[in-house]
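To keep things clear, I will list the structure first and then write my remarks on it.
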Amino acid sequence: MNLIVAADTNWAIGNKDKLLISIPNDQKHFREETTGKVVVLGRKTLQTFPQGLPLQNRINIILSRNPDYTVKGATVVHSLEELLEELRQYNTEDVYVIGGESIYRLLLPYCDRAHVTKIDHTYQADTYFPNLDQDQDWEITADSDELTYFDIPYQFIQYERKKK
């Protein structure tokens, strides 16, 4: 499984249920990586999308503990076990975990590749992603040149879980 996330220098990913910054090139990168694929997200992340609707041209799987929660155009699962069972029908390389914080933390042990947009800036934040630079199970396998959005440098970095 893959995950895709944008994080600042402190691995912060959001504040008050919003992204820290919207970088058009990062959004394009996200679309290119996930279009035609399976995206796994939590209910709170879905609520931040335009009109709270699932992403188009993707299979959306939403994890919610609420047994009555349903979403038109998406599959809703209510436990990790149910999610893993649902994902068995897909190629793991086509599955992308897209947030939020609790979903990333829950599914990180099941992921083999992380697509991280590292933003060289520190934001006020209340949600964080685990620091893969300090996790000995992960290594950088690819990175882009440094890019800038106005005066903010960022880079696309790919991490892969080390083979045991």
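The values are calculated or read from the model by the stated rules, or taken from the named source; none is laboratory data. Remember, it's a predicted structure, so these values are computed and weren't measured experimentally. Cβ coordinates were reconstructed from backbone atoms using ideal geometry, including for glycine residues, and neighbour counts include every protein chain displayed. Calculation scope for accessible area: heavy atoms of the full protein, side chains included, ligands and nucleic acids excluded. Shrake-Rupley method; radii C 1.70, N 1.55, O 1.52, S 1.80 Å.
Some observations on this one:
- Neighbours by Cβ (under 6 Å, 6+ apart or cross-chain): first from the stretch 114-133, in contact (Cβ under 8 Å) with a residue 24 or more places away in the chain and surrounded by 16 or more Cβ atoms within 10 Å (Cβ to Cβ); second in a strand (DSSP E or B) and of a type in the set (Ser, Thr, Tyr): 114/159; 117/154; 119/154; 132/159
- Neighbours by Cβ (under 6 Å, 6+ apart or cross-chain): first from the stretch 27-56, under 19 Å from residue 13 (Cα atoms) and part of a helix (DSSP H, G or I); second at pLDDT 95 or above and among the charged types (D, E, K, R): 34/58
- Top-ranked residue in the stretch 1-26 [being out of contact with any Ser or Thr (no Cβ under 8 Å at 6 or more places or on another chain) and not in a strand (DSSP E or B); ranked as nearest to residue 50 (Cα to Cα)]: 22
- All positions within the stretch 76-96 that are aromatic (Phe, Trp, Tyr) and open to solvent by 40 Å² or more (accessible area, probe 1.4 Å): 90
- Yes/no for residue 139 being open to solvent by less than 90 Å² (accessible area, probe 1.4 Å), touching a Lys or Arg at 6+ places or on another chain (Cβ under 6 Å) and farther than 23 Å from residue 25 by Cβ: yes
- Candidates 99, 73, filtered to the one that is at positive phi and surrounded by 15 or more Cβ atoms within 10 Å (Cβ to Cβ): 99
- Scanning the stretch 127-164 for residues that are outside any strand (DSSP E or B) and hydrophobic (A, V, I, L, M, F, W, C) yields 129, 132, 150.
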